[in-house]
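In what follows, a structure is listed as structure tokens, so that the remarks can point back to it.
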Amino acid sequence: MQHARSLSKCAICGKTEEQVGTFPMVVGLGRVCLADGMKTVKCEACGDEVKLITSSRIQGKTLCLKDHMKELEKYRQHIVVTFDEDAEPVASILDKAYRDGPQGYTLLTIRRGRNSTHVWEAEYEKTEIFQTRCS
Ligand SMILES: [Zn+2]
Ligand SMILES: [Zn+2]
């Protein structure tokens, strides 16, 4: 028995489920009743009509499963910038890596490139993610 969990309310119509766990979860929206879950919504990225329960909401946008996955990929995105020690001194590489990173990204780490004695890699992560994780 699942006494600990309480009954969910539909995020669309406000109806309360009769048994715990019967309302499916829609990412970014919450639990919805089956009637609302079967309604079709339009993906704002590709325009496909999908059932609400297979959609998700990211930053206020309704997305189909495919675009949801794409969006997650983007969200996780890291950028790696490489510098060549043969072209400039290490001090200048470090300095540049810190100050001239891609806009909206935070420097995570700077390291020697794999299998290389002169290439450096600066790895950046999207600043918003970085902040979410650190707070
Ligand atoms: Zn409902
Ligand atoms: Zn889509």
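The values are calculated or read from the model by the stated rules, or taken from the named source; none is laboratory data. Keep in mind that what you see is a predicted model, and the values were worked out from it rather than measured. As a convention, Cβ positions derive from the backbone with ideal geometry for all residues, glycine included, and neighbour counts pool all protein chains shown. Ligands, DNA and RNA are excluded from the accessible area calculation, which covers all protein heavy atoms including side chains. Shrake-Rupley method; radii C 1.70, N 1.55, O 1.52, S 1.80 Å.
Measuring with a 1.4 Å probe in the full set of protein chains, what accessible area per residue, in whole Å², belongs to the chain?
Accessible area per residue, the chain: 68 Å².
Below 10 angstrom from the Cβ of ARG111, what's the summed charge of the other residues (Lys, Arg +1; Asp, Glu -1)?
Overall, the nearby charge balance is 0.
Quantify, in whole percent, the carbon and sulfur part of the accessible surface of the range 3-58 (1.4 Å probe; protein heavy atoms only).
Whole-percent figure for carbon plus sulfur exposure: 53.
Most mobile of THR117, THR62, THR22 per a Gaussian network model of the chain (Cα springs, under 10 Å)?
Ranking THR117, THR62, THR22 by mean-square fluctuation puts THR117 first.
Taking every pair of distinct Cα atoms and averaging 1/r, then inverting, what Kirkwood hydrodynamic radius in Å comes out for the range 29-135?
Hydrodynamic radius (Kirkwood, Cα pairs) of the range 29-135 is 16.7 Å.
Ranked from the most accessible area to the least, with a 1.4 Å probe and all protein chains present, what is the order of ILE93, ILE53, ILE58?
Heavy-atom accessible area, descending, gives ILE53, ILE58, ILE93.
Ordering GLU125, GLU88, GLU18 by how much accessible area each has at a 1.4 Å probe, largest first, what is the list?
GLU18, GLU88, GLU125
Once fully extended, how much extra length lies between ARG112 and THR16, figured as 0.36 nm per residue of separation less the alpha-carbon to alpha-carbon distance?
So the chain would gain 28.9 nm between ARG112 and THR16.
Considering every pair of different Cα atoms, what Kirkwood radius, in Å, is found for the range 77-134?
11.7
Over all distinct alpha-carbon pairs, what is the Kirkwood Rh of the range 1-73 in angstrom?
About 12.8 Å, per the Kirkwood formula over Cα pairs.
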